[in-house]
1. What fraction of the Cα pairs in the range 42-115, stated in percent, has a spacing above 13 angstrom?
2. Taking N as the number of residues in the range 114-154, what is its alpha-carbon radius of gyration divided by 2.2 N^0.38 Å?
3. Per residue, how many Å² of accessible area does the range 64-141 show with a 1.4 Å probe?
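The values are calculated or read from the model by the stated rules, or taken from the named source; none is laboratory data. It should be emphasised that the depicted structure is a prediction, and the values quoted were computed from it without experimental measurement. These area figures cover heavy atoms from the full protein model, side chains too; ligands, DNA and RNA do not enter into them. Shrake-Rupley method; radii C 1.70, N 1.55, O 1.52, S 1.80 Å.
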Amino acid sequence: MINQIATMATVATAATVATAATVAFTATAHADMRLIPGGIHRPLYTDAAGGVAIAPFRLDARAVSNADFLAFARAHPKWRKSQVKRLFADRNYLAHWRGDLTPGDAAPGRAAVVNVSWFAARAYCRAAGGGLPNTAQWEYAAAADESAANAADDPAFIARILAWYAAPRDGAGDIDDSDTGAGDSGATTYRNYYGVYDMHSSVWEWVSDFNAALTSGESRADSSRERQLFCAAGVVGARSYTNYPSFLRNAYRSSLDGRYTHRALGFRCAAAAE
């Protein structure tokens, strides 16, 4: 009887700790989001005349950090480094973390979390009451520079993005060594027109529909497109032949699988506009 009471007390304590962790996570997640007004997004490849309508939505001002993901791992044990199922993440999942709940020196708290799979990123965002942005939402928000809502065709902005993409990264989640703490998520590199930080200069980011980058969802409609996606023919049908960063992002997304992780791949979350 005593053993039974002790066991019940242990279970109750564990449940209380788990509940407290969940409450702590949901209370702090997405505390800093920016409203992205609705508008029209013109994808690099599209069959939609006039572009894609974007309803207003909210987007994390910064990429999800190691500290953010640690709070999530505390509240949701199945997404910890040693417990995640290989069906949902490859063997490099959180490889730079020292332990399940100990990120360590290689994963500073404010640095963008990387080495996370699409499944883990989606689970994080859902637990926080939102979801991953879709490609159109991400590209729409990322088209803004510091002073304009749409700088997608600005040669200077395109050149700057290419320079960011080409710059070597010495550590997981790093952005710019000139900031107040190398690796901080959204520390200094740039704050765009909407108040969103570092959509290009920190890490690549998961989107909800990453594996539909070059498809329409209608197999018959895609049959002719397949013949256009070889070598230089990949620019056929593109809205702009000079926006090389968009081609890079499309190619990278199309190469991913939901289980994949990478030291330069993180995420941020979106939510419905209130």
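1. Details: 1927 of 2701 pairs.
The share of Cα pairs beyond 13 Å in the range 42-115 comes to 71 percent.
2. 1.49
3. Counting only protein heavy atoms, the per-residue value for the range 64-141 is 42 Å².
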